[in-house]
Amino acid sequence: MNKAYGVQVTARGPDGGEPRTVPVLVVASDEQDALLVVSEAVGADAEAEVLRELTDAEIREHGLDLEQRGAAKSLAVLKL
């Protein structure tokens, strides 16, 4: 059964500028699979760290479907 994970991803944009860190929610079978999903989506040059498994409430709040392995949702990043 798949689980949902919060992953912190740091990568450079297509313009090659400063690296940006973005929180991403990922549906995967385990933590290693979550890192694989992120690297497939963002690229091998990105750095990723699994922060934690999401709770059932968080999964519902973000509308994640645990049947869809590989689904990823980027969370908003505020520039204040």
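The values are calculated or read from the model by the stated rules, or taken from the named source; none is laboratory data. Computed from a predicted structure; not experimentally measured. Positions of Cβ are generated from backbone atoms using ideal geometry, with glycine treated the same way; all protein chains shown enter the neighbour counts.
Some notes on this structure:
- Q32 vs. criteria without any contact (Cβ under 8 Å) to a residue 24 or more places away in the chain and not in a strand (DSSP E or B): yes
- Selection from the stretch 13-33 of residues that are surrounded by 14 or more Cβ atoms within 10 Å (Cβ to Cβ) and either closer than 16 Å to L75 by Cα or of a type in the set (K, R) (or both): V22, P23, V24, L25, V26, V27
- Consider the stretch 35-59 and keep the residues that are over 11 Å from the mean Cα position of the chain (by Cα) and small (G, A, S). The one that is surrounded by the most Cβ atoms within 10 Å (Cβ to Cβ) is A46.
- Evaluating Y5 against the criteria (1) modelled with pLDDT under 95; (2) outside any loop (DSSP other than H, G, I, E, B) leaves one unmet condition, (1).
- Residue tally, condition touching a Ser or Thr at 6+ places or on another chain (Cβ under 8 Å) and aliphatic (A, V, I, L, M), over the stretch 2-24: 3
- Of residues in the stretch 31-56 being small (G, A, S) and in contact with a helix residue (DSSP H, G or I) (Cβ under 9 Å, 6 or more places away or on another chain), the one nearest to A11 (Cα to Cα): A46
- Some residue of the stretch 65-75 being part of a helix (DSSP H, G or I), of a type outside the set (S, T, Y), touching a strand residue (DSSP E or B) at 6+ places or on another chain (Cβ under 7 Å) and more than 13 Å from Q8 (Cα to Cα): no
- Qualifying residue in the stretch 9-17 (condition: part of a helix (DSSP H, G or I), without any contact (Cβ under 8 Å) to a residue 12 or more places away in the chain and either of a type in the set (V, I, T) or out of contact with any strand residue (DSSP E or B) (no Cβ under 8 Å at 6 or more places or on another chain) (or both)): no
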